[in-house]
Structure formats: structure tokens, C-alpha cells
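Notes to accompany the following structure.
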Amino acid sequence: MPDRNGKIIDMVRRMAEDILNLLKKCDEYYSGAKISAELGITRAAVWKKIIALRKKGFVIEAVPSKGYRLVRSPDLSADYIKAAVRGGIWKDIIVYDTVASTNELAMAVAAREGAWVNTVIIADSQERGKGRLGRKWVSPPGKNIYMSILLRPELDTRDATMLTLLTAVACTQAIKKISGLPVSIKWPNDLVLSGKKLGGILTEIRADIDKVNLAVIGIGINVNAENEDFSEEIRPIATSIKEGAGKCSSRNELIAGILKQFERDYGILISQGKQSLLDEWKALSSTVGKNVKVAMGDETLIGLAEDIDDNGMLILKLRSGLRRKISSGDITLLR
Ligand code: BT5
């Protein structure tokens with residue numbers, strides 16, 4: 001039996017998203033009568049929703065005989081992001097204040113609740129943000145993006161790396177579109193600006209031998225952080241969109257942009273296979289064609305990053321002329 005209460009709650013939530021989308025479309029006032037006519041609800045219902053949105057931090061001006069105007073949105077808002085990505089693959093978007101790690105939380109809820117697919121978990125700050133191999137991801141509050149995408153992709157286990165490459169492509173495209181900055185991708189999971197780390201991706205999967213059952217894709221992007229927000233250790237290597245662009249960017253817009261781009265690229269991966277995505281990755285990569293040092297645990301290799309193969313592995317041409325395929329490691333670009 002359909003859950004009537006659930007449907008009603010969903011409709012009420014969508015009403016707020018619809019109002020937001022209308023107000024976002026125009027810089028001028030939108031009259032209550034027009035909103036109520038367009039959405040097929042009473043003016044009293046519009047007013048109630050406006051009050052609810054204000055309580056969530058949206059600054060909405062109301063002027064008699066003119067109508068409503070969206071003055072400002074809260075900097076990190078599930079309502080804003082949901083309204084912006086509506087109609088797509090995203091089932092739910094949840095924003096937390098502070099969590100230990102969005103990846104850990106996503107993994108924990110996925111283990112409990114099969115239904116949390118295509119859900120996005122976002123936090124304003126993380127107490128134990130993680131990078132690869134148990135490294136730490138510095139996650140100060142109020143400034144950056146920390147989010148995890150929870151998917152159950154129809155994907156061969158050998159192709160799991162494609163999720164990291166896809167996410168890197170989606171993030172790079174969205175950041176470029178919104179900020180105009182020349183962001184590039186350093187294999188396998190770094191977003192790079194002016195030689196410094198702007199963001200990183202941590203993909204964690206549960207898989208059988210041949211099939212991915214669950215993927216949690218963690219994205220950390222430094223948006224409005226300034227150098228002093230970083231720990232001393234990473235100050236020399238980290239940067240942010242604000243440092244590059246000289247001004248703050250909206251986290252809501254960036255997240256919505258990333259999710260829309262991700263949806264598009266994910267659709268291409270599932271329907272058309274890997275090739276066009278690999279081509280896009282190569283076009284945005286600052287690794288292919290460069291001389292690099294690759295650190296893999298105790299082993300360090302130097303060579304030319306010739307290409308990536310069909311599974312996203314790096315093909316390194318060593319000085320001896322031999323080629324090695326690398327599945328994971330840390331790369332330094334050499335001059
Ligand atoms: C990564 O690891 O680059 C993956 C980072 C993924 C973070 C997201 S945030 C949301 C989600 N939830 C989580 O708990 N994690 C994910 P890796 O390639 O191992 O890089 C880690 C290294 O980057 C550290 O050892 C530092 O040197 C550096 N680093 C740490 N925090 C940074 C920051 N905020 N900006 C730039 N570099 C940082």
C-alpha cells in the first residue's frame with residue numbers, strides 16, 4: 001500500500017522547493033498571486049512556506065502589492081540543492097552540521113538501510129575527515145565542501161576506479177563552469193589548481209569478485225578556506241577556489257553543479273561505456289604526458305605518465321623503456 005503520509009510530506013516539501021525555484025529565477029519581486037496560480041496552491045499556503053523557508057535561513061523580502069524576493073540563501077542548504085537538482089537521479093540530500101566523516105556515515109547508513117541509494121550526505125565540518133590510506137582530510141567548518149555520494153552502481157568490480165575518474169571529471173567541470181578557474185585532475189584522485197591541492201576524492205566500495213554492490217564516493221573541496229584555515233602541515237600544498245578566484249563562491253551552487261554534472265557523466269558511463277568518459281578525463285588531466293615520480297608504499301618510480309588504460313590504471317613509461325601499470329599511488333609532477 002502506498003504510504004499516504006509519506007506522499008503528503010513529499011508534496012509539502014516539494015512546494016517549498018517549487019517556491020524557491022520560482023524566486024531564484026527572477027531578481028525582481030514575484031507576487032503571491034502569481035506563485036499561487038503557478039503552483040496551484042492558496043496564497044495562505046504560499047505564505048506558510050515562505051515563513052518555513054525563512055526559519056531555515058533564507059532571507060525572503062515580502063513587500064505588499066509587489067510580492068516576494070529571495071535576497072539570500074543559507075550558505076549550505078539541503079532545500080536549495082534539492083530544488084536545483086530536482087527531477088534527476090538524486091533521491092535525498094542531507095546536510096549535517098558536524099560529522100566524524102561523511103564517508104563513514106554513508107557506509108554506516110548503507111549497511112543498515114538498503115533504500116539509501118542515490119543519496120548525498122553533506123557536512124559543514126568533519127571531525128575525522130579521511131583521505132586514502134588512513135590519511136587525514138583537514139575539514140574546517142563554514143567554508144568548504146565535504147560530501148559523500150551513495151550509489152549502487154551496475155558496475156564490474158574491475159571498473160570501480162571509473163567512479164573516482166568520473167567524479168574527478170564532474171567536479172572539475174562544475175568548478176570550471178562556476179569559477180572559470182583552470183582546475184585540472186592529477187591521477188588518480190586530486191583536483192589541482194596552480195600546482196596545489198584544491199580537492200580530493202575517496203571512493204570506497206563493497207564488492208563481490210565481479211560486481212560492485214555499493215559505492216560511497218567522498219568529495220572534499222576547499223571552497224572559501226583561506227590559507228590560515230589549513231593546518232601548518234598542508235599550508236604549502238593546499239589551495240582553495242577563493243584563493244584562486246579572489247572571491248567567495250556559493251557552496252550550494254557548487255554542490256548542485258557537481259551533482260548535475262555527475263548525473264550526466266554517470267548516465268554516459270552506464271549507457272555508453274567507459275570510452276567517452278576516459279577521453280574527457282584525459283582532456284582535463286594534468287598528468288598524462290608529464291614526467292612524474294610515483295610513490296607506492298616503499299617503492300618509488302620515475303617515468304613518463306604515458307596514458308591511462310581502460311580500467312583507469314596509469315601507464316608509466318620508465319626510463320629503461322619498460323612500461324608499468326600502476327593501480328594506486330601518489331604522483332609528483334617533475335619539471
Ligand atoms: C584524498 O586523499 O585526497 C581524499 C580526500 C577525500 C575527502 C572527502 S571529504 C568528504 C569525504 N569524507 C571523508 O572522510 N573523506 C571524504 P589523499 O589523496 O590520501 O590525500 C590526503 C592528503 O591530502 C593528506 O595527507 C594531506 O597531505 C592533504 N590534505 C589534507 N587535507 C587537505 C585539504 N583540506 N586540502 C588539501 N590537501 C589536504
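The values are calculated or read from the model by the stated rules, or taken from the named source; none is laboratory data. Values in this document were obtained by computation on a predicted structure and should not be read as measured data. Ideal geometry is used to build each Cβ from the backbone, glycine not excepted, and the neighbour counts take in all protein chains shown. For accessibility, only protein heavy atoms count, side chains too; no ligands or nucleic acids. Shrake-Rupley method; radii C 1.70, N 1.55, O 1.52, S 1.80 Å.
Gap in Å between the Cα centre of segment 16-31 and the Cα centre of segment 41-116?
After rounding, the separation between the Cα centres reads 14 Å.
So if the hydrodynamic radius of the chain is defined as the Kirkwood radius over C-alpha pairs, what does Stokes-Einstein give as its diffusion coefficient at 20 °C and 1.002 mPa s, in µm² per second? Working shown, then result.
Working: Rh = 21.5 Å.
The estimated diffusion coefficient comes to 100 µm²/s.
Determine, for each peptide in 199-212, 36-49, 170-183, the mean count of other beta carbons within 10 angstrom over its residues, then list the peptides with the highest first. Let's see the in-between values first.
Values: 199-212: 17.1, 36-49: 15.1, 170-183: 19.7.
Result, highest mean Cβ count within 10 Å first: 170-183, 199-212, 36-49.
Which of the pairs 91/143; 55/247; 274/317; 24/130 have their Cα atoms more than 31 Å apart in this structure? Each step should come with its number before you reach the end.
On the way: 91/143 25 Å; 55/247 27 Å; 274/317 23 Å; 24/130 35 Å.
The answer is 24/130.
Between rounded, prolate and oblate, where does segment 200-265 land on the alpha carbon gyration tensor, with a ≥ b ≥ c its root eigenvalues, rounded for a/c under 1.5, else prolate if a/b exceeds b/c? Could you put the intermediate results ahead of the total?
Numbers: a/c = 4.04, a/b = 1.68, b/c = 2.40.
Taking the square roots of the gyration eigenvalues as a ≥ b ≥ c, segment 200-265 is oblate.
At 7 Å along the Cα-to-beta-carbon direction for both residue 231 and residue 315, put a label point, then send me their distance in nm to one decimal.
Simple spin-label model gives 3.8 nm for this pair.
Counting alpha carbon pairs within less than 8 Å and at least 6 residues apart, what relative contact order, in whole percent, applies to segment 32-180? Before the final figure, lay out each step's value.
Numbers: 165 pairs, mean separation 21.6, N = 149.
Relative CO of segment 32-180 lands at 14 percent.
Which of the peptides 249-259, 136-146 is most tightly packed, and how do the rest follow, judged by the mean count of other Cβ atoms within 10 Å per residue?
Numbers: 249-259: 22.1, 136-146: 19.5.
Highest to lowest by the protection proxy: 249-259, 136-146.
Semi-axes of segment 291-333's equivalent ellipsoid from the Cα gyration tensor, sqrt of 5 times each eigenvalue, largest first, rounded to whole Å? Don't skip to the answer; put the middle values down first.
Numbers: eigenvalues 40, 33, 16 Å².
Output for segment 291-333: semi-axes of 14, 13, 9 Å.
For segment 150-242, what is the per residue volume of the convex hull drawn over the alpha-carbon atoms, in cubic angstrom?
Values: hull volume 9.6 nm³, N = 93.
Dividing the Cα hull volume of segment 150-242 by its residue count gives 103 Å³.
Please give the contour-minus-distance gain from residue 177 to residue 264: 0.36 nm per residue of separation, less the Cα-Cα distance, rounded to one decimal in nm.
Values: separation 87, 0.36 × 87 = 31.32 nm, distance 1.47 nm.
Difference between extended and current length: 29.8 nm.
Please report how far the C-alpha centroid of segment 298-335 lies from that of segment 221-296, rounded to the nearest whole angstrom.
21
Quickly work out the residue 154-to-residue 42 label distance, labels modelled 7 Å from Cα along the C-beta direction, and quote it in nm with one decimal.
Taking the simple label geometry, residue 42 and residue 154 are separated by 4.6 nm.
Please compute P(r) over all alpha-carbon pairs of segment 186-311, binned at 5 Å starting from zero, and give each bin as a whole-number percent.
Answer for segment 186-311: a P(r) of 2, 8, 13, 19, 21, 17, 13, 6, 1, 0 percent.
Evaluate the charge dipole of segment 291-333 about its Cα centre and quote only its size in Debye, nearest 20, assuming +1 on the Cβ of each Lys and Arg and -1 on the Cβ of each Asp and Glu. Let's see the in-between values first.
On the way: 6 positive and 7 negative charges, 44 e Å.
Here segment 291-333 has a charge dipole of around 200 debye.
At 1.4 Å probe radius, can you tell me the per residue accessible area of the chain in Å²? Let's see the in-between values first.
On the way: 16410 Å² over 335 residues.
Spelled out: the 1.4 Å probe surface of the chain, per residue, equals 49 Å².
Angle, helix 161-179 long axis vs. longest principal axis of the chain, Cα atoms, 0 to 90°, nearest 10?
Between the helix axis and the principal axis of the chain, the angle is about 60 degrees.
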